[in-house]
1. Could you grab me the full set of residues in region 49-70 that are open to solvent by less than 40 Å² (accessible area, probe 1.4 Å) and not in a helix (DSSP H, G or I)?
2. Does region 18-46 hold any residues that are farther than 19 Å from residue 106 by Cα, in contact with a Phe, Trp or Tyr (Cβ under 7 Å, 6 or more places away or on another chain) and either assigned to a loop (DSSP other than H, G, I, E, B) or open to solvent by less than 10 Å² (accessible area, probe 1.4 Å) (or both), and which are they?
3. List pairs: first residue in region 88-110 and open to solvent by less than 20 Å² (accessible area, probe 1.4 Å) and of a type in the set (Val, Ile, Thr), second residue modelled with pLDDT under 75 and assigned to a helix (DSSP H, G or I) anywhere in the structure, Cβ distance under 9 angstrom, at least six positions apart or on different chains.
4. Pairs under 6 Å by beta carbon, first residue in contact (Cβ under 8 Å) with a residue 24 or more places away in the chain in region 9-33, partner of a type in the set (Asp, Glu) and open to solvent by less than 80 Å² (accessible area, probe 1.4 Å), six or more apart or different chains?
5. Hey, residue 97 hits all of (1) among the acidic types (Asp, Glu); (2) closer than 21 Å to residue 130 by Cβ; (3) outside any helix (DSSP H, G or I) but one; which does it fall short on?
6. Consider residue 78 carefully, then state whether it is in contact (Cβ under 8 Å) with a residue 40 or more places away in the chain and under 16 Å from residue 127 (Cα atoms).
Amino acid sequence: MLLLNQDARVFENTISGILEVSKKYTEYGILSPIHLANEGQSLDNNFTNYINGYSCPGLLSDIILKRELKDVYEIDFVNAACWFITRKCLETVGGFDPIYLHYGEDDDYINRVNYHGLKTGICPKYFCVHNRLQKKRNIITFEKYYGGQLFELKKLEKDYTSRVYFALKLFMAFIKKLLVRRDSFEYKIWFKLLKNYSLIKNHRMLSKKKSATFLIQ
């Protein structure tokens, strides 16, 4: 299945090419092409963060040093602007969890993909264009805390120090957004997340105990 944003489009050979990669590398549940911006004239700014040497080992080195590219490179996270999701992945993991709003649902899904022993990969020979605003971001971003901190709930269950540290980071990020953009869409999401923190935690634990169909209802 191809999941494609309304503001994204794929190149002519992208779908067929990634389909062949998925047949060859069955350990991958999600495969994504290279994300371009500005009608294909540059890399998407956020995408460049995902393919760093820590999160996606080998890809940048192979490109810069002009080595032969692999069919697929494992990656920790890539946003869901263009995902090829295998049938095995859908049957095992299910769909997006309806408790999450826009932003964060792809982080949660990849967490569940990892939990079930599948991988996420980038296919560097294929491309999509994600036409969105390429704005400059602050060092502390909303996505970093919302996607990278809030959903690591399993680390908070037994360790009191981690819970306190997490709470402080969450509070500081929230205050920053409150001061800078009080009327923003992001502020409204933060307010709802803080209000429903216990509900989200319980739902996450429940989703791990039930089958994938629980998340498709």
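The values are calculated or read from the model by the stated rules, or taken from the named source; none is laboratory data. Everything numeric here is computed off the predicted structure, so don't read it as measured data. Ideal geometry is used to build each Cβ from the backbone, glycine not excepted, and the neighbour counts take in all protein chains shown. Quick note on the areas: whole protein, heavy atoms, side chains included, nothing else; ligands and nucleic acids left out. Shrake-Rupley method; radii C 1.70, N 1.55, O 1.52, S 1.80 Å.
1. Scanning region 49-70 gives 51, 55, 56, 58.
2. Correct list: 18 only.
3. As it stands, the answer is 93/212; 93/215, since those pairs meet every condition given.
4. Between residues of region 9-33 that are in contact (Cβ under 8 Å) with a residue 24 or more places away in the chain and residues that are of a type in the set (Asp, Glu) and open to solvent by less than 80 Å² (accessible area, probe 1.4 Å), the close pairs are 21/71.
5. Looking at each condition in turn, residue 97 falls short on (2).
6. yes
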